[in-house]
Amino acid sequence: MKIAMGCDPNADVYMQEMVEFVKSLGHEVEEFGSDDPIYAHTAVRVAKAVSSGKCDRGILFCGTGIGVMLSANKVKGAYAANVTNVYSAKRACLSNNCNIITLGSQVTGDMEGKEIISAYLGCNYVRNDRSGIKVDAIIETELAYMK
């Protein structure tokens with residue numbers, strides 16, 4: 001898969017470690033920078049790359065992961081979840097069809113971050129009766145309110 005990755009300047013060192021980890025898993029990485037102190041700008045660039053299909057999935061980093069999540073979710077077709085553990089990472093993919101995850105460099109340790117990323121990239125959404133109608137409702141809401 002081609003993974004879009006970006007962060008704010010505070011999370012650069014953390015992201016670089018995760019970029020190398022993602023590459024070690026066999027994925028291609030496109031970096032969207034870390035120099036802009038306004039994390040929303042980087043988050044939107046990553047979200048556009050993912051929602052357009054240029055990249056398959058995205059991973060964003062800031063201090064908590066919350067700001068980049070909020071910013072990415074403003075892009076139509078971007079579905080970002082702030083994940084803090086392996087179970088949430090798997091469910092973001094399997095239950096919610098999220099195409100972006102966000103992590104906090106100041107709240108998620110290196111090893112835990114790698115486990116979270118591995119779990120997220122290791123699964124694929126498969127539409128089913130239980131989750132499918134919920135994901136459809138999210139998309140319907142997006143279409144109604146994001147014009």
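When the residues of the range 9-46 are narrowed to those that are aromatic (Phe, Trp, Tyr) and touching a Cys at 6+ places or on another chain (Cβ under 8 Å), which ends up most open to solvent (accessible area, probe 1.4 Å)?
Tyr39
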Subject >> Output for the range 134-147, where each listed residue is of a type in the set (A, V, I, L, M, F, W, C), part of a helix (DSSP H, G or I) and surrounded by 11 or more Cβ atoms within 10 Å (Cβ to Cβ) >> reply: Val135, Ile138, Ile139
**OP:** For the range 66-73, indicate whether the set of residues that are open to solvent by 60 Å² or more (accessible area, probe 1.4 Å), of a type in the set (Val, Ile, Thr) and assigned to a helix (DSSP H, G or I) is non-empty.
**Re:** yes
**OP:** Check Val126 against each of (1) in a helix (DSSP H, G or I); (2) more than 21 Å from Ser34 (Cβ to Cβ); (3) hydrophobic (A, V, I, L, M, F, W, C) and name the one condition it does not meet.
**Re:** (1)
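The values are calculated or read from the model by the stated rules, or taken from the named source; none is laboratory data. Being a predicted model, the structure only gives us computed values, none of them experimental. Heads up, the Cβs are rebuilt from the backbone with ideal geometry, glycines too, and the neighbour counts pull from every protein chain shown. Surface areas here come from the heavy atoms of the whole protein model, side chains and all, with no ligands, DNA or RNA. Shrake-Rupley method; radii C 1.70, N 1.55, O 1.52, S 1.80 Å.
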